[in-house]
Amino acid sequence: MQLKFICCDCHVGQAGFDYRCSCGGLLEVVHDFKHLDADHLKILFHHRLSDRMNPYASGVWRYKELIYPELPESDIITKYEGNTGLYASNLIQQSLGIRKVWLKAQSENPSGSFKDNGMTVAVSHGRSLGYRRFTCTSTGNTSSSLAMYAALGECNSYVLVPNEQISINKVLQTMAYGAKVIGFDGTYDDGIRFYEKHGRELGMYICNSVNPLRIEGQKSIIYEIAQGLNWEMPDWIVIPGGALSNLSALGKGLNDLRQLGLINKIPRVALIQAEGASPFHRMISRGESEIVPIPRPSTIASALNIGNPPSWRKARQVMKQTEGITCSVSDEEIMEAKTLIDRSGIGCEPASAATVAGLRKLLAEKRIDKNETAVCILTGNLLKDTDVLREYQMSRLLYADLTLESVGKWL
Ligand SMILES: Cc1ncc(COP(=O)(O)O)c(C=O)c1O
Ligand SMILES: N[C@@H](CCOP(=O)(O)O)C(=O)O
């Protein structure tokens, strides 16, 4: 059986794989869930949780029937991604003054970010089509994840990375997995534009989130949250936004769960952007119908440094479907929230901390009630963006001579 696609803008169906429809809209995978039964699925997914020795042990491929049923098991390239912790932190709960908050730590993924949920599916798909050369443009997390899966699949990866405002750790991780990295003057948005124009003639498989298979894999984050909470959804899901792939995937995943009868309530979504890179929040809060790109986005949260999010139309749909709200937070608010999350023992990179910063703001503005419950999605690992961490923490490092008196003074 072949994968089927539909355009999110003109709604015309398409049989073959592509990144965009001829009208320019992004595509998404269409599934037929008619033959699936919710009770049977719950038992199947539960059973797979305890089976550690096959691809279904992955927190993505556990839900294969809802993501990519057509793919032969032997074509799966997996590093048992997903299966990340869902933590209830008293420290964060009390600091925010909310009834209940959980943190979904996608930072625990094998390459250290939520990208792995989508990348395992994209690279498996690309290789099954016969591709051996994979590419993306990236601020560093997409590329680290791509390079890891390409290496696992014994394929090659080629990555475009902006020269400014990226984290060197992520670039080094990408290179260490064997990717060829090409730096360029410009932003993530320029890189995406380049591939939209030249990707096809370069004959490579593109692994950015314009690829509908990436979104299929990323849907599993909300499946895991639902399963982790025994299929009872919280009032709110709080998520950071850059290219808006994660929000698009979240919306698609929620639709699936509802359609299948696995959940009976759709939570509301709060999308948080960094102030210096918040074109989507600006559009929604002003009630505008088109996004106005920001040519030079700038935020300390390197992963959110995106001025022209490719998935904004899909994301706008999700806002409608979930009665979603948006807000933006300053770099200071992000760092303050990051300190709290790190201190709680969970830890994350700055982009992820935008969620807790945003939740604090939305509670203060009473747009979220303190008696409600929320899950914040932490998208990347604490050790991803250490330039920022070094600047913030080094002044707190203590020095002493190794004498009882000198060390004792600090203890
Ligand atoms: C750690 C991290 N958080 C958040 C985001 C933003 O997610 P999205 O681009 O899907 O909106 C990204 C990159 O995209 C990221 O790498
Ligand atoms: N932060 C991202 C940028 C978005 O990339 P995409 O995978 O959604 O295309 C990164 O890590 O590069």
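The values are calculated or read from the model by the stated rules, or taken from the named source; none is laboratory data. Please read all numbers here as calculations on a predicted model, not as lab measurements. Quick reminder, even Gly has a Cβ in these numbers, built from the backbone with ideal geometry, and neighbours come from all protein chains shown. The protein model used for the area step is the full one, side chains on, heavy atoms only, and it has no ligands, DNA or RNA in it. Shrake-Rupley method; radii C 1.70, N 1.55, O 1.52, S 1.80 Å.
The single condition from (1) of a type in the set (Lys, Arg); (2) open to solvent by 10 Å² or more (accessible area, probe 1.4 Å); (3) within 15 Å of ligand 1 (Cβ to nearest atom) that residue 338 fails is (2). Reported count of residues in region 373-411, each being touching a Lys or Arg at 6+ places or on another chain (Cβ under 7 Å) and among the hydroxyl-bearing types (Ser, Thr, Tyr), is 1.
Being modelled with pLDDT under 95, under 19 Å from residue 243 (Cβ atoms) and within 17 Å of the chain's Cα centre (by Cα) narrows it down to one residue among 278, 298, 311, 302; which is it?
Unique residue meeting the criteria: 302.
Just one of the listed residues (203, 228) is closer than 20 Å to residue 124 by Cα, in contact (Cβ under 8 Å) with a residue 60 or more places away in the chain and either within 16 Å of ligand 2 (Cβ to nearest atom) or not aromatic (Phe, Trp, Tyr) (or both), and it is 203. When residue 79 is tested against the conditions (1) open to solvent by 70 Å² or more (accessible area, probe 1.4 Å); (2) on the phi > 0 side of the Ramachandran plot, the lone failure is (2).
Among the residues of region 109-154, those that are open to solvent by 30 Å² or more (accessible area, probe 1.4 Å), within 20 Å of residue 64 (Cα to Cα) and assigned to a helix (DSSP H, G or I) comprise 115, 127, 128, 152.
Taking the conditions (1) away from ligand 1 (no atom under 15 Å from the Cβ); (2) open to solvent by 10 Å² or more (accessible area, probe 1.4 Å) in turn, residue 278 satisfies each one other than (1). Of all the criteria given as (1) more than 25 Å from residue 229 (Cβ to Cβ); (2) in contact with a Phe, Trp or Tyr (Cβ under 6 Å, 6 or more places away or on another chain), the one not satisfied by residue 375 is (1). Inclusion of residue 271 among residues that are within 15 Å of ligand 2 (Cβ to nearest atom) and in a helix (DSSP H, G or I) is not warranted.
Scanning region 348-379 for residues being buried (at least 21 other Cβ atoms within 10 Å of the Cβ) and of a type in the set (S, T, N, Q) gives a total of 3. The residues of region 185-224 include none that are among the β-branched types (Val, Ile, Thr), open to solvent by 10 Å² or more (accessible area, probe 1.4 Å), part of a helix (DSSP H, G or I) and away from ligand 1 (no atom under 12 Å from the Cβ).
Looking only at residues of region 225-241 that are part of a strand (DSSP E or B) and within 16 Å of ligand 1 (Cβ to nearest atom), we find that the one that is surrounded by the most Cβ atoms within 10 Å (Cβ to Cβ) is 240.
Counting the residues of region 83-124 that are in contact with a Phe, Trp or Tyr (Cβ under 7 Å, 6 or more places away or on another chain) and in contact (Cβ under 8 Å) with a residue 60 or more places away in the chain gives 10.
Residue 385 meets the conditions (1) charged (D, E, K, R); (2) open to solvent by less than 50 Å² (accessible area, probe 1.4 Å); (3) modelled with pLDDT of 95 or more in every case but one. The failed one is (3).
If I ask for residues that are over 26 Å from the mean Cα position of the chain (by Cα), under 22 Å from residue 318 (Cβ atoms) and part of a loop (DSSP other than H, G, I, E, B), which ones from region 11-57 would you list? If the condition is that a residue be over 26 Å from the mean Cα position of the chain (by Cα), under 22 Å from residue 318 (Cβ atoms) and part of a loop (DSSP other than H, G, I, E, B), then 12, 23 are the ones that fit.
This table checks each residue for (1) within 22 Å of residue 80 (Cβ to Cβ); (2) within 12 Å of ligand 2 (Cβ to nearest atom); (3) not polar (S, T, N, Q).
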| residue | (1), (2), (3) |
| --- | --- |
| 114 | yes, yes, yes |
| 142 | yes, yes, no |
| 149 | yes, no, yes |
| 154 | yes, no, yes |
| 160 | no, yes, yes |
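With respect to (1) in contact with a strand residue (DSSP E or B) (Cβ under 9 Å, 6 or more places away or on another chain); (2) within 16 Å of ligand 2 (Cβ to nearest atom); (3) over 27 Å from residue 85 (Cβ atoms); (4) open to solvent by 10 Å² or more (accessible area, probe 1.4 Å), the lone exception for residue 308 is condition (1).
Scanning region 337-358 for residues being closer than 19 Å to residue 278 by Cα and either part of a loop (DSSP other than H, G, I, E, B) or of a type in the set (Asp, Glu) (or both) gives a total of 1.
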